[in-house]
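Novice: Mind having a look at this structure? Questions to follow.
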Amino acid sequence: MSQNAVEKKSVPWVLMGLGLLIPIFIVGMAFLAAKSDAKTKKEYDQQRAAIAKKFEQQKNEEQAAKAE
């Protein structure tokens, strides 16, 4: 009889532990996603700037070729 009482008392503690761990996990994943998104955005901005620079150089070369 005492074993059943001990098992029944441990179940609420497990549920309370999960109740605390799940929101902490969700918040942690949200911070990780935001950090990764910021890094990816920075890389895309650098790539976009490089492409714009190449396009501008190509445009200037075409104008110089037409001027000749």
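Novice: What are the residues in the stretch 1-29 that are open to solvent by less than 60 Å² (accessible area, probe 1.4 Å) and at pLDDT 95 or above, if any?
Specialist: Across the stretch 1-29, the qualifying residue is only Gly28.
Novice: Looking only at the stretch 30-57, count every residue that is open to solvent by less than 100 Å² (accessible area, probe 1.4 Å) and of a type in the set (S, T, N, Q) and tell me the total.
Specialist: Number satisfying all stated conditions: 3.
The values are calculated or read from the model by the stated rules, or taken from the named source; none is laboratory data. Because the structure is a prediction, the values reported are computed rather than measured. SASA here: full protein model, heavy atoms, side chains in, ligands and nucleic acids out. Shrake-Rupley method; radii C 1.70, N 1.55, O 1.52, S 1.80 Å.
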